[in-house]
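> What follows is a structure written as structure tokens; I'll ask about it next.
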């Protein structure tokens, strides 16, 4: 980055103007006014110290928010600001470099920590900020902000007032340091890491347990990143802010983030509320009278580029055509998954008014397991799918909840008993993904299963497939060709569809995993009506269960009616 102060020195003497002393006085007053403007106005500061800075409306908007961030910081209000911009639009130059030099100029006591994925970018930012502070022109504007001569490290340096700048990476080096402002700039390496649940959880723990605890009382947090995944740091903080604003219990003391999200190409007409600074978006353009009455500022219309002086609409449309859909959506539109989905699209949901008789085909309930009731735990999901004699599959039911082991097994037994208690039970199977969770609960599960007198022959433990997109491929193909049907009118459908449309960039994929396993198991079992000889033992187990279960149910009814219990050949 090229940094420079635009010079106003050595103005030519006007021989036809006032005398030299008066001209010098006027120049001195103009120079003082110019310095004060650079000092007070962040946008003027940017233009003064960045030779290539050509602000558009988006930078003026950002300047308003960063100014308010500083004012709230000085008032001890713990400001939180998240900036979600496309690449190469000046977000890091503005918020990581120029904002830092401005904050330190206004208050050399401040300690600023800049945190990236690793140390590389924060070190570059640190060098840029330090170079600005060294400039004679900067010293003219901010004479109280001086560098300590004995601090030569780019990783950490101080002002003579004990403030300073520290560079750090999320991978380490934060512990032991403290700051008034934490600037988190692109904490994820890229899409692959953002799609890794372990990496996302590690980042969240680093933010919560390390970054947050390094912040001084009243300190501020500024997050600048690409929004790759609904469950990445930006996604979790947005969800947390939504919970705070909706007054979800337990969030009363959490400070919400101000979220500034601008796609490269606007998807709606955009306005700024001049009272709250909130961005308002509408599908239809407001009239001039409506804008005035609402006290809005018109920013841009639908379909316009964010900063055409930098990236024209034609350039952005070219990028959109050349890049994979998800990459462009996340990088440039700040939406992890475009509207309408990528892997699963809205056109793939084939809804039907009713379901076929379950006895007409095979029925499998596949379970995706997760133990725990708290909000941070995943859902346990059971997806019951039927393969009809026509080879078309029907989603019969979705069971989705958070429970401990006993509650999970109880739900699995209840789902199995529902089908086994039918007058004409289907060929019913249960698929469970093998893995650490299954190993943890296997003994408890088998004990409860046997007590329920369910045959173990209906159980299939499937080997895990790590790649979730590979696992879901048969389900995707069936949905695409219309051979996976979904019943209308179920309460679970909205969340079900949302999860599918957000895949693979969404937070949850438990319902997809369960459906994918069910489809794979049904396809492996073959067409309904064809029962391989290897299933003979299973079929005997099914018949044994049906006789025993129905006999026991009859005895329970008679006992409840006061009738004496009658034994039978299969009585327990």
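The values are calculated or read from the model by the stated rules, or taken from the named source; none is laboratory data. Every value quoted in this text rests on a predicted model; they were computed, and no experiment measured them. So basically every Cβ, Gly included, is an ideal-geometry build from the backbone, and we count neighbours across all protein chains shown.
> Consider region 445-468. How many of its residues are within 30 Å of residue 341 (Cα to Cα) and at pLDDT below 90?
The total comes to 6.
> Follow-up. Looking at 303, 250, can you tell me which residue is farther than 25 Å from residue 64 by Cβ and exposed (fewer than 15 other Cβ atoms within 10 Å of the Cβ)?
250
> Quick check: is even one residue across region 310-332 touching a helix residue (DSSP H, G or I) at 6+ places or on another chain (Cβ under 8 Å), free of Cβ contacts under 8 Å to residues at least 12 places away in the same chain, under 23 Å from residue 502 (Cβ atoms) and not in a helix (DSSP H, G or I)?
yes
> Taking the options 161, 177, 247, 189, name whichever one is within 30 Å of residue 469 (Cβ to Cβ) and either within 17 Å of the chain's Cα centre (by Cα) or in a loop (DSSP other than H, G, I, E, B) (or both).
Step by step, each of 161, 177, 247, 189 is checked, and only 189 is within 30 Å of residue 469 (Cβ to Cβ) and either within 17 Å of the chain's Cα centre (by Cα) or in a loop (DSSP other than H, G, I, E, B) (or both).
> Can you pull out the residues in region 373-402 that are surrounded by 14 or more Cβ atoms within 10 Å (Cβ to Cβ), free of Cβ contacts under 8 Å to residues at least 40 places away in the same chain and either more than 16 Å from residue 497 (Cα to Cα) or out of contact with any strand residue (DSSP E or B) (no Cβ under 6 Å at 6 or more places or on another chain) (or both)?
Hit for region 373-402 is 402, nothing else.
> Of all the residues that make up region 271-292, how many are more than 24 Å from the chain's Cα centre (by Cα) and over 24 Å from residue 67 (Cα atoms)?
Here the count works out to 10.
> Filter region 110-135 for residues that are over 29 Å from residue 204 (Cα atoms) and either touching a helix residue (DSSP H, G or I) at 6+ places or on another chain (Cβ under 6 Å) or in contact (Cβ under 8 Å) with a residue 24 or more places away in the chain (or both) and give the result.
Scanning region 110-135 gives 130, 131, 132, 133, 135.
> Related question: Scan the helices (runs of 4 or more DSSP H) fully inside region 491-561 and keep the ones with 1 or more residues being closer than 27 Å to residue 192 by Cα and modelled with pLDDT of 50 or more.
Here the list reads 493-502, 510-525.
> Could I ask something else about it? What are the residues in region 344-360 that are under 17 Å from residue 482 (Cβ atoms) and either without any contact (Cβ under 8 Å) to a residue 60 or more places away in the chain or part of a loop (DSSP other than H, G, I, E, B) (or both), if any?
Scanning region 344-360 gives 344, 345, 347, 349, 353, 354, 355, 356.
> Turning to a different aspect of this structure: For residue 150, indicate whether it is in a loop (DSSP other than H, G, I, E, B), out of contact with any helix residue (DSSP H, G or I) (no Cβ under 6 Å at 6 or more places or on another chain) and modelled with pLDDT of 95 or more.
The answer is no for residue 150.
> Going through region 56-65 one residue at a time, which ones are free of Cβ contacts under 8 Å to residues at least 40 places away in the same chain and buried (at least 18 other Cβ atoms within 10 Å of the Cβ)?
Matches in region 56-65: 63 only.
> Report, by residue number, each residue of region 194-205 that is closer than 22 Å to residue 254 by Cα and surrounded by 20 or more Cβ atoms within 10 Å (Cβ to Cβ).
Matches in region 194-205: 200, 203.
> Which residues, counting only those in region 138-193, are crowded, with 20+ Cβ neighbours inside 10 Å and without any contact (Cβ under 8 Å) to a residue 40 or more places away in the chain?
Selection gives 157 alone.
> Is region 74-88 home to any residue that is over 22 Å from residue 164 (Cα atoms), more than 29 Å from the chain's Cα centre (by Cα) and not in a helix (DSSP H, G or I)?
Among the residues of region 74-88, not one is over 22 Å from residue 164 (Cα atoms), more than 29 Å from the chain's Cα centre (by Cα) and not in a helix (DSSP H, G or I), which makes the answer no.
> I've got another one for you. Exactly one condition in (1) outside any helix (DSSP H, G or I); (2) in contact (Cβ under 8 Å) with a residue 12 or more places away in the chain; (3) farther than 23 Å from residue 117 by Cβ is false for residue 252; which is it?
Every listed condition holds for residue 252 apart from (2).
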